[in-house]
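This report refers to the structure that appears directly beneath it.
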Amino acid sequence: MKITDLFSTGGPLLSFEVFPPKNDDRHDGVTAAALGIAALKPAFMSVTYGAGGSNSRNTTEIASRIQNEYGVPALAHMTCIGSGLEALERQINEMKSAGIENIMALRGDVPREGIKEPGVFAHTSELIPFIREKGDFCVGAACYPEGHPECENRKKDIENLKIKVDSGCDFLTTQMFFDNNIMYNFLYQIREAGITVPVLAGIMPITNVKQIIRTRDMTGTALPRKFTSLLDRFGSDPESMKRAGIIYATEQILELVANGVDRIHLYTMNKPEIARAIQANLKGLCFDDV
């Protein structure tokens, strides 16, 4: 099933994201976690992979199992940085053979060790038409409510986003954010710019202090006072911080849905217990079928 078909129902939507193992020695544990999350039957699941297709084989395998064993539509990530034409074509053919109909098109992050070759495409807006030429895929892309970290200003970032959408993108998923007002402002700005495709709000439950430090350093995302107060009060107790993080994410989602932002994408960090707890908190409130 294509994700655009899910949007056509018009109701609230809850999806999950998982990532495959970076190393084969972690394959079994990571796959078990991903399938445990699939057993929760979200609307769909996205499966990431690293720059240059570093573990694209694992991405396709896990995405295929999610679909075949649990009947959950899979969204397989695909990046173009550092990838040649032959490698991209091979990945698309593997996805076709696995029955995957949805691709998340991304430029990808530059690996710490750098890249040997820049790749055939430099931007997502170049990758999207290529994917469309190779098959009948539903294609998603990323957006940044607080602005892309490499872009000089918000105006230019939204102009770039419009180019990406106009290249053939069916929907957008946001980078994580912790202040809903940022999301509301972002949606207003992109709608004013003529970007009308569906947007999923990306929510990451923060359940330990190291996680938020890593997230802040990587993305520069703003941390509202309400959130930092939780860190100050519960950060030294892992179990309390885990519960507080689940509650914060739940409340964030409830407020978004109450304000009409009802397509939610949960970054699970491969933790079935976190996804299960948030899903249980939401059941009967805004997602009756989860």
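Values in this text are rule-based calculations from the coordinates and carry no lab data. These numbers come from a predicted model, not from an experiment. Don't worry about glycine lacking a Cβ; one is built from the backbone with ideal geometry, like all the others, and counts go over all protein chains shown.
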Practice task
Determine ³J(HN,Hα), in whole Hz, for all residues of segment 132-143 in sequence, where each value follows from phi through the Karplus function 6.51 cos²θ - 1.76 cosθ + 1.60 and θ = phi - 60°; x replaces Gly and Pro.
Solution key: 5, 5, 8, x, 8, 9, 8, 10, x, 8, 9, 9
Handout entry: Segment Glu150-Arg243, extension gain: residue separation times 0.36 nm, minus the distance between their alpha carbons
Key = 30.1 nm
Completion exercise
Sorted by chain and number, the residues with a modelled amide H under 5 Å from that of Leu13, at a separation of 5 or more or across chains, are Arg263, Ile264
Completion exercise
For Leu75, the residues 5 or more places away or on another chain with a placed amide H closer than 5 Å to its own amide H are Met45, Ser46, Val47
Exercise for the section: Enumerate the calculated ³J(HN,Hα) couplings along segment 95-102 in order (Karplus 6.51 cos²θ - 1.76 cosθ + 1.60, θ = phi - 60°), each rounded to whole Hz, writing x wherever the residue is Gly or Pro. Expected result: 5, 4, 4, 7, x, 7, 10, 10
Practice task
Compare Cys151, Cys80, Cys138 in a GNM of the chain, Cα atoms joined below 10 Å, and give the one with the largest fluctuation.
Solution key: Cys151
Practice task
Go through segment 57-68 residue by residue and turn each phi into a ³J(HN,Hα) via Karplus (6.51, -1.76, 1.60, θ = phi - 60°); whole Hz please, and just put x for glycine and proline.
Solution key: 4, 5, 4, 5, 4, 5, 4, 5, 5, 4, 6, 6
Problem - Most mobile of Lys271, Lys22, Lys226 in a GNM of the chain (Cα contacts under 10 Å) - result: Lys226
Completion exercise
Taking placed amide H atoms and a strict 5 Å upper bound, the residues 5 or more places from Asn270 or on another chain that come that close are Phe19
Fill in the blank from the handout: With 0.36 nm assigned to each residue of separation and the Cα-Cα distance removed, Leu223 to Gln189 gains 10.1 nm
Problem - Test item: Cα-centred dipole of the chain, Lys/Arg +1 and Asp/Glu -1 on Cβ, debye - result: 440
Practice task
Can you find, among Met269, Leu223, Pro42, the residue farthest towards the positive end of the dipole of segment 3-282? Put +1 on the C-beta of Lys and Arg, -1 on that of Asp and Glu.
Solution key: Leu223
Completion exercise
With N residues in segment 165-290, Rg(alpha-carbon) / (2.2 N^0.38 Å) equals 1.10
Exercise for the section: Taking all pairs of distinct Cα atoms, average 1/r, flip it, and tell me the Kirkwood hydrodynamic radius of the chain in Å to one decimal place. Expected result: 19.4
Handout entry: Choice from Gly119, Gly82, Gly245 with maximal GNM fluctuation in the chain (Cα, 10 Å cutoff)
Key = Gly119
Fill in the blank from the handout: Rounded to the nearest Å, the spacing of the alpha-carbon centers of segment 221-290 and segment 3-33 is 17
Practice task
May I ask you to list the GluC sites (Glu not before Pro) in segment 120-189 that are in a DSSP loop and have at most 12 other Cβ atoms within 10 Å of their Cβ?
Solution key: Glu150, Glu152
Completion exercise
quick note, segment 3-282, DSSP beta bridge pairs, % antiparallel (nearest 5) is 0
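Over 27 Å between Cα atoms, which of Lys41/Lys242; Lys134/Lys162; Lys22/Lys271; Lys22/Lys226; Lys162/Lys210; Lys162/Lys271 qualify?
Lys22/Lys226; Lys162/Lys210; Lys162/Lys271
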